[in-house]
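Participant: Structure in structure tokens, see below.
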């Protein structure tokens with residue numbers, strides 16, 4: 001009799017153990033699903049870690065400031081600035097890379113022209129401030145460009161004018177690298193939203 005009860009207790013224990021194990025797995029799967037649905041909450045931390053790792057390419061450091069009027073936009077990440085002493089500088093937005101003008105590829109040419117046009121709309125004939133990170137004897141410069149309080153480098157990435165170029169972020173302050181990488185994520189999110197809207201308009205519900 002005692003042996004039968006012991007066997008029954010053991011079988012009951014095994015069943016309870018299996019149920020407990022199944023319950024734990026269901027909890028884990030449920031939590032994983034919740035975390036996946038709210039994964040955007042972790043994007044800032046992911047982007048911060050990405051910013052920490054952006055240490056390749058030409059090492060830059062802030063060397064001064066330059067202010068003046070944008071007189072010409074050369075492409076989506078480069079422009080000519082004239083300062084108060086009537087000296088001109090060719091400035092490139094650091095940490096970003098815009099489409100280049102190709103030889104014969106019409107699609108790439110269209111992208112390059114569109115990028116230049118959009119940067120023109122932002123800064124042409126505007127007074128800007130450049131936090132210089134590199135200069136040469138020919139008055140060429142790399143820098144972080146501000147129109148008022150607006151970071152033009154980050155805005156160019158966020159609006160699709162240029163892409164974030166991690167190989168050009170070495171030496172930039174962490175906050176600036178982070179701003180560029182966050183802008184890149186916003187650009188991807190904007191592109192996805194536009195794609196969904198386009199698909200919805202192309203396939204209206206009956």
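The values are calculated or read from the model by the stated rules, or taken from the named source; none is laboratory data. Model, not experiment: these values are computed from the prediction. For neighbour counting, all protein chains shown are included, and Cβ atoms are generated from backbone atoms with ideal geometry for every residue, glycine included.
Participant: So is residue 95 over 18 Å from residue 135 (Cα atoms), in contact (Cβ under 8 Å) with a residue 24 or more places away in the chain and surrounded by 20 or more Cβ atoms within 10 Å (Cβ to Cβ) or not? Break it down stepwise before answering.
Facilitator: Working: over 18 Å from residue 135 (Cα atoms): no; in contact (Cβ under 8 Å) with a residue 24 or more places away in the chain: yes; surrounded by 20 or more Cβ atoms within 10 Å (Cβ to Cβ): yes.
No, not satisfied.
Participant: Check the range 101-109 and report whether any residue there is farther than 13 Å from residue 79 by Cβ and either under 21 Å from the mean Cα position of the chain (by Cα) or part of a strand (DSSP E or B) (or both).
Facilitator: For the range 101-109, residues farther than 13 Å from residue 79 by Cβ and either under 21 Å from the mean Cα position of the chain (by Cα) or part of a strand (DSSP E or B) (or both): absent.
Participant: For residue 171, which of the numbered conditions (1) in contact with a strand residue (DSSP E or B) (Cβ under 9 Å, 6 or more places away or on another chain); (2) part of a helix (DSSP H, G or I); (3) at pLDDT below 90 fails to hold?
Facilitator: (2)
Participant: For the range 162-184, check the following and say yes or no: at least one residue is under 17 Å from residue 81 (Cβ atoms) and crowded, with 19+ Cβ neighbours inside 10 Å.
Facilitator: Of the range 162-184, the ones under 17 Å from residue 81 (Cβ atoms) are none.
Checked against the condition, which is being under 17 Å from residue 81 (Cβ atoms) and crowded, with 19+ Cβ neighbours inside 10 Å, the range 162-184 yields no hits at all.
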